[in-house]
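J.: The structure's right below; bear with me while I get my questions together.
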Amino acid sequence: MKSLTGQFLISMPKLRGSLFADSVIYLWAHDEQGAQGLVVNHAYDLTLAKLLDQLEIPSQGGLDVQVAAGGPVEPQRGFILHSDEVSIDSSEPAGDGLAISYSREILDLIGAHRGPAQYLVALGYSGWGPGQLEHELADSAWLTAPSSQEALFELPFEQRLDHVANVLGIDLRLLGADAGHA
């Protein structure tokens, strides 16, 4: 099994009507134990500034970026995908010069403008048990694509799906929900 850590998953039309419809997921972990990732193109109606205020974390301002709806697992828990030039003891490698952190400490650093240069704050994550993602890939539920810092951190949420699909030369609007062989 080749690890897909550091790759994107693009949901295929057969997932329309599910929690993962029109999703781009960054996989921060993929091994024989399963896979974990963050939906990076769906946002809550919540800014990081408001989240920090709710958590009573001091903020220097300028944090009006949206918080991502990272997935259905542990939606009350925060996950911060960030460039790895700043990390804390609990940060874990997440592929491609990135780290994943779950600690309030990284939010304290971001609020004080001493955190990583690039970050995505999400509530919840997406997870698969052993072999589950491989089965879904074989069933044509997902496409894999190379990740990019631009898609993760720079593009507006609503542009990320089309951007990642276009990198593969795909127009998702032209795909049907059924896959198969003639």
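J.: Look at the range 61-77 and say how many of its residues are of a type in the set (Gly, Ala, Ser) and at pLDDT below 95.
T.: The number of residues fulfilling the criteria is 2.
J.: Restricting to the range 35-45, and then to whatever is open to solvent by 10 Å² or more (accessible area, probe 1.4 Å) and touching a residue at least 40 places away in the same chain (Cβ under 8 Å), can you tell me which residue is nearest to GLY97 (Cα to Cα)?
T.: GLN36
J.: Considering only residues of the range 16-29 that are aliphatic (A, V, I, L, M) and farther than 16 Å from PHE79 by Cβ, which is least open to solvent (accessible area, probe 1.4 Å)?
T.: Among those that are aliphatic (A, V, I, L, M) and farther than 16 Å from PHE79 by Cβ, it is ALA21.
Quick grid of which residues meet (1) of a type outside the set (D, E, K, R); (2) assigned to a loop (DSSP other than H, G, I, E, B); (3) in contact (Cβ under 8 Å) with a residue 24 or more places away in the chain; (4) exposed (fewer than 14 other Cβ atoms within 10 Å of the Cβ):
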residue: ASP64; (1), (2), (3), (4): no, yes, no, yes
residue: GLU74; (1), (2), (3), (4): no, no, yes, no
residue: HIS82; (1), (2), (3), (4): yes, no, yes, no
residue: GLY95; (1), (2), (3), (4): yes, yes, yes, no
residue: ASP108; (1), (2), (3), (4): no, no, yes, no
residue: LEU123; (1), (2), (3), (4): yes, no, yes, no
residue: GLU136; (1), (2), (3), (4): no, no, no, no
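Yes or no, residue by residue, for (1) loosely packed, with under 15 Cβ neighbours inside 10 Å; (2) touching a residue at least 40 places away in the same chain (Cβ under 8 Å); (3) hydrophobic (A, V, I, L, M, F, W, C):
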residue	(1), (2), (3)
MET1	yes, yes, yes
LYS14	no, yes, no
ASP31	yes, no, no
LEU52	no, yes, yes
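The values are calculated or read from the model by the stated rules, or taken from the named source; none is laboratory data. Bear in mind that the values here come from a model prediction, so they are computed numbers and not experimental data. Please note: Cβ atoms are built from the backbone with ideal geometry, for glycine as well, and neighbour counts cover all protein chains shown. Accessible surface areas use protein heavy atoms only, side chains included; no ligands, DNA or RNA. Shrake-Rupley method; radii C 1.70, N 1.55, O 1.52, S 1.80 Å.
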